[in-house]
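Below: one structure, written as structure tokens.
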Amino acid sequence: MSIRTLIRGGLVVTAADELHADVLIEDGRVAALAAHGSAAAEVWTADRTIDASGKYVIPGGVDAHTHMELPFGGTAASDTFETGTRAAAWGGTTTIVDFAVQSVGHALREGLDTWYDKADGNCAIDYAFHMILSDVNEGTLKEMDLLVGEGVTSFKLFMAYPGVFYSDDGQILRAMQRASGNGGLIMMHAENGIAIDVLVEQALARGETDPRHHGEVRKVLLEAEATHRAIQLARVAGSPLYVVHVSAEEAVAELAAARDKGLPVFGETCPQYLFLSTDNLAEPDFQGAKYVCSTPLRPREHQAALWRGLRTNDLQVVSTDHCPFCFRGQKELGRGDFSKIPNGLPGVENRMDLLHQAVLDGHISRRRWIEIACASPARMFGLYPQKGTIAPGSDADIVLYDPHAEQVISAETHHMNVDYSAYEGKRITGRVDTVLSRGELVIDRREFTGRAGHGVYIPRSTCQYL
Ligand code: URP
Ligand code: ZN
Ligand code: ZN
């Protein structure tokens with residue numbers, strides 16, 4: 001039986017508007033909004049009324065870049081779909097788009113089916129998939145068309161990680177040509193991995209084995225060069241391009257120059273590049289390993305360009321690239337050789353809070369917070385307006401956010417299955433209070449009331465910016 005829920009008295013914030021409004025939910029969807037206190041809202045009746053006074057009522061976050069259970073770096077990301085989606089809900093995210101992986105020599109179908117199986121029945125919130133293309137060939141190019149048809153409409157390629165996920169320029173061009181025909185969006189890990197591997201070898205030969213050298217060999221210029229090359233290849237192929245986890249000022253400049261030419265080029269950054277830096281990579285006693293990810297953390301000076309890019313819309317999305325590895329037993333695989341530290345950071349639970357803090361710190365406006373964390377990722381990946389907004393007909397994925405609550409981020413209190421926090425001790429004003437996913441309470445006044453299996457697979461349409 002469907003429950004009619006009324007959320008009363010909050011400030012509804014979407015990417016477009018802020019209004020004191022009541023929200024009526026029926027059959028898991030938003031049925032109507034009306035100004036708080038208006039005659040229309042006053043006559044609404046419901047089975048359940050949630051008092052949102054003093055709180056923001058915002059769309060559930062859409063995290064378009066996660067890696068639950070990813071096998072990588074000789075181990076596997078420590079969050080399962082169950083633990084990772086539960087943690088996401090705690091942090092106000094109600095949809096993730098995770099990366100299914102094609103292994104070299106295997107079909108896309110096989111990789112995608114493996115990811116369907118991993119997620120099925122285990123998720124607390126809704127999920128969708130991108131596909132990682134590790135082996136571009138005649139067979140997998142044809143399969144791309146089929147995947148677009150079943151709602152997997154974006155494909156990640158890597159200019160980094162030779163021997164693992166790496167594609168050469170010819171393979172990249174072919175995949176882009178295919179995407180330009182089938183409506184798919186190519187997502188690019190833009191770092192020159194061939195050159196980086198030379199620098200890694202040379203650094204290790206000099207005895208430079210500490211985590212901080214990870215940041216030194218993965219040079220800004222090699223991110224900028226790869227970003228430039230990816231843009232030119234996309235131009236030649238006539239395909240759109242989305243560059244993931246942008247961290248360097250010079251890479252943002254490449255994106256901005258392309259967008260100034262009117263090219264369909266998009267960029268994403270992540271909280272770790274906005275809030276952390278090479279100072280963290282240089283932490284003593286191998287603690288810097290906690291911050292090893294690729295692209296790497298950059299010197300603090302790059303952060304201003306990332307914030308500017310988010311304000312000017314040269315960067316459109318903030319995702320987490322959530323790819324957690326425990327310090328003990330996983331990050332430690334790289335003691336004595338930074339190149340063996342599994343690459344990735346936890347963060348799916350922290351994104352909405354960190355970006356709210358950025359509102360308070362004056363980096364972005366409140367509506368831009370919702371745009372880069374909810375609406376734009378939904379539009380970019382064909383989920384809008386089902387996800388990413390609060391409007392009649394949208395899924396009732398709604399967060400009641402307390403903008404005045406104080407919290408200190410810590411591994412002691414987080415819900416991600418990882419033994420450290422990248423933001424340990426950081427003070428945040430603002431906290432998720434209540435979360436609904438398709439009208440069901442997943443977090444109720446800071447108590448988890450959701451369940452594994454509530455979350456369902458959401459097939460996506462193609463990019464809605466094209
Ligand atoms: O360090 C990272 N980013 N790990 C996850 C894999 C990727 O490249 O996104
Ligand atoms: Zn990547
Ligand atoms: Zn990633």
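Just a few scattered comments:
- Annotation: of all residues in the stretch 153-173 being touching a strand residue (DSSP E or B) at 6+ places or on another chain (Cβ under 7 Å) and more than 16 Å from ligand 3 (Cβ to nearest atom), the one that is farthest from Val97 (Cα to Cα) is Ile172.
- Set side by side, the residues Val318, Val348, Val359 differ, and just one is β-branched (Val, Ile, Thr) and surrounded by fewer than 22 Cβ atoms within 10 Å (Cβ to Cβ), which is Val359.
- Glu201 satisfies every condition listed in (1) away from ligand 2 (no atom under 16 Å from the Cβ); (2) touching a Lys or Arg at 6+ places or on another chain (Cβ under 9 Å) except (2).
- In the stretch 328-342, of all residues being in a loop (DSSP other than H, G, I, E, B) and open to solvent by less than 20 Å² (accessible area, probe 1.4 Å), the one that is nearest to Phe81 (Cα to Cα) corresponds to Pro342.
- Within the stretch 306-327, residues that are on the phi > 0 side of the Ramachandran plot reach partners that are within 16 Å of ligand 1 (Cβ to nearest atom) and not in a loop (DSSP other than H, G, I, E, B) with beta carbons closer than 6 Å, at six or more positions or on different chains, in the pairs Asp321/His65.
- When residues of the stretch 229-258 are limited to those that are under 24 Å from Arg300 (Cα atoms) and more than 16 Å from ligand 1 (Cβ to nearest atom), the one farthest from the chain's Cα centre (by Cα): Ala257
- Matching residues, the stretch 342-360, being under 15 Å from Val317 (Cα atoms), more than 16 Å from ligand 3 (Cβ to nearest atom) and of a type in the set (Val, Ile, Thr): none
- Residues of the stretch 397-423 classified as farther than 30 Å from Asp314 by Cα, part of a loop (DSSP other than H, G, I, E, B) and not β-branched (Val, Ile, Thr), total: 9
- Exactly one residue out of Ile370, Ile364 is under 14 Å from the mean Cα position of the chain (by Cα) and more than 29 Å from Gly193 (Cα to Cα): that is Ile370.
- Count - residues of the stretch 108-124 that are within 15 Å of Leu146 (Cβ to Cβ) and either open to solvent by 40 Å² or more (accessible area, probe 1.4 Å) or not aliphatic (A, V, I, L, M) (or both): 5
- Matching entry among Ala160, Ala179 (being at pLDDT 95 or above, more than 16 Å from ligand 1 (Cβ to nearest atom) and in contact with a Phe, Trp or Tyr (Cβ under 8 Å, 6 or more places away or on another chain)): Ala179
- The numbered conditions (1) of a type outside the set (Val, Ile, Thr); (2) part of a strand (DSSP E or B); (3) away from ligand 1 (no atom under 16 Å from the Cβ) are all true for Gly309 except (2).
- In the stretch 244-304, counting only helices (runs of 4 or more DSSP H) that sit wholly within it, the ones holding 3 or more residues that are at pLDDT 95 or above and open to solvent by less than 10 Å² (accessible area, probe 1.4 Å) span 249-260, 271-275.
- Pairs are defined by a Cβ separation below 6 Å, a sequence spacing of at least 6 or placement on different chains, a first member in the stretch 68-88 that is within 15 Å of Thr320 (Cα to Cα), and a second member that is charged (D, E, K, R) and buried (at least 24 other Cβ atoms within 10 Å of the Cβ); the pairs so defined are Met68/Asp79; Met68/Asp98; Ala87/Glu349.
- Ala304 meets each of the listed conditions (1) away from ligand 3 (no atom under 16 Å from the Cβ); (2) more than 30 Å from Asp260 (Cα to Cα); (3) hydrophobic (A, V, I, L, M, F, W, C) apart from (2).
- For the stretch 119-140, the criterion of being within 16 Å of ligand 2 (Cβ to nearest atom), under 23 Å from the mean Cα position of the chain (by Cα), in a loop (DSSP other than H, G, I, E, B) and closer than 19 Å to Asp321 by Cβ is met by at least one residue.
- Pairs with Cβ under 7 Å, 6+ apart, first in the stretch 220-232 and under 19 Å from Pro162 (Cβ atoms), second open to solvent by 10 Å² or more (accessible area, probe 1.4 Å) and hydrophobic (A, V, I, L, M, F, W, C): Leu222/Ala195
- Subset tally (residues that are open to solvent by 10 Å² or more (accessible area, probe 1.4 Å) and either of a type in the set (A, V, I, L, M) or in a strand (DSSP E or B) (or both)) for the stretch 35-76: 14
- Asp321 within 21 Å of the chain's Cα centre (by Cα), more than 24 Å from Ala87 (Cα to Cα) and not hydrophobic (A, V, I, L, M, F, W, C): no
- Subset of the stretch 177-202 (residues that are touching a residue at least 40 places away in the same chain (Cβ under 8 Å), open to solvent by less than 50 Å² (accessible area, probe 1.4 Å) and more than 16 Å from ligand 3 (Cβ to nearest atom)): Ala179, Gly183, Gly184, Val200
The values are calculated or read from the model by the stated rules, or taken from the named source; none is laboratory data. Quick caveat: nothing in here was measured; it's all calculated off a predicted structure. Heads up, the Cβs are rebuilt from the backbone with ideal geometry, glycines too, and the neighbour counts pull from every protein chain shown. Note: areas computed on protein heavy atoms with side chains; ligands, DNA, RNA excluded. Shrake-Rupley method; radii C 1.70, N 1.55, O 1.52, S 1.80 Å.
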